[in-house]
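Working notes, beginning with the structure itself.
The values are calculated or read from the model by the stated rules, or taken from the named source; none is laboratory data. Given the structure is predicted, the values throughout are model-derived calculations rather than measurements. Neighbour counts are summed over all protein chains in view; Cβ atoms, including those assigned to glycine, are modelled from backbone coordinates with ideal geometry. Note: accessible area is taken over every heavy atom of the protein model, side chains too, but ligands, DNA and RNA are not part of it. Shrake-Rupley method; radii C 1.70, N 1.55, O 1.52, S 1.80 Å.
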Amino acid sequence: NQVFAKTMEDSKHAEDKPWLAIPRHNRENGCSMRFQSVTSNNVYDYELAACTSGKTICGSSSGFLIMVDETSQISMIDPLTKARRFTLPTILPSLPPKPSTDIEPSERRLTHKYPVHKAVLSSPPDRNPYDYILVVIHGEERELAYYSALTQTWIEIQEAGRYYDDIIFRLGFYAVDEYGKVILCLSCGHGDALCVAIRFLKENPNVGYETYKFEVHLLESYGKRMRVEDMGDWAVFLGQNESMALSIRVVKGAKSNCIYFTDDNFDAYKYGVVGGHHIGVYDTGEESSKPLQCCQSDIQSIY
């Protein structure tokens, strides 16, 4: 389950966005990042010295790639300028991992390497380095926590519970759990109307699983929902990125009433199971999906 709101993109490069970021590792140069437009054939390659072996992407938000290493230290970098980099204190001293009871003790060492499943910013950290918040889904039980740049500390949102799938920021941080329940976990005002996208998977004997359907529901007052059959001139982008809906009037080449999705099944990456393979576009009108032509590899990718 993922939660999103409409976003107005005002960048001068908006017509060529969003880009699919694809890490490309090699032993000599560390890591480079390929940015490929999903609406055109444009490709941009960037060397990223900050993205070295041992780090994994856990988010894309406010123009920054967010990564975590094996010590649970989070770093944020603007991949286009490479000049704007921020490193946060490690999560572990403040929020020690809580191993799931479903995991054998011999396997727990692997599960603690990357305790951050997703991370979302309230604002670009370079706008005001002492006035932003980063909210994360972390740990085997997928709990919520946030980092305050003002106090430079990690704080767990214990009252929120556990097993969350997604978070977004719209004048406040909203999170959706595995049952589709949406909560306001940190309030900064009143945001836009929110929608929940429910992803349906089915078994595939060749690759393990595949996406066969999405449902979109508009959140109304008092916990009520309304099924959205037609999203009009909007396209939705879901995955490890901060979920968003963009108007096709701004993003030229994107198809309306469609959901562009990447595979954010990090349990698969973590255990070496087939994962990251299902990247595609789902047409909510035709109720069918097809592979995204610009990227059909099994490499972790993110919008």
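Values for this structure:
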| quantity | calculated |
| --- | --- |
| Candidate set from region 116-131 (those that are open to solvent by 10 Å² or more (accessible area, probe 1.4 Å), part of a loop (DSSP other than H, G, I, E, B) and touching a residue at least 40 places away in the same chain (Cβ under 8 Å)); member that is farthest from I77 (Cα to Cα) | S122 |
| Residue among G139, G208 that is in contact with a Pro (Cβ under 6 Å, 6 or more places away or on another chain) and either modelled with pLDDT of 75 or more or within 17 Å of D264 (Cα to Cα) (or both) | G139 |
| Checking E140 against (1) open to solvent by less than 50 Å² (accessible area, probe 1.4 Å); (2) assigned to a strand (DSSP E or B), the condition it does not meet | (2) |
| Filter pass, R170 being over 18 Å from S243 (Cβ atoms) and basic (K, R) | no |
| Flag for V216 being open to solvent by less than 30 Å² (accessible area, probe 1.4 Å), more than 23 Å from L121 (Cβ to Cβ) and at pLDDT 85 or above | yes |
| Condition check for L134: at pLDDT 90 or above and touching an Asp or Glu at 6+ places or on another chain (Cβ under 9 Å) | no |
| Verdict on T151 being among the hydroxyl-bearing types (S, T, Y), more than 20 Å from S60 (Cα to Cα) and at pLDDT 85 or above | yes |
| Residue within region 147-170 that is on the phi > 0 side of the Ramachandran plot and in a strand (DSSP E or B) present | no |
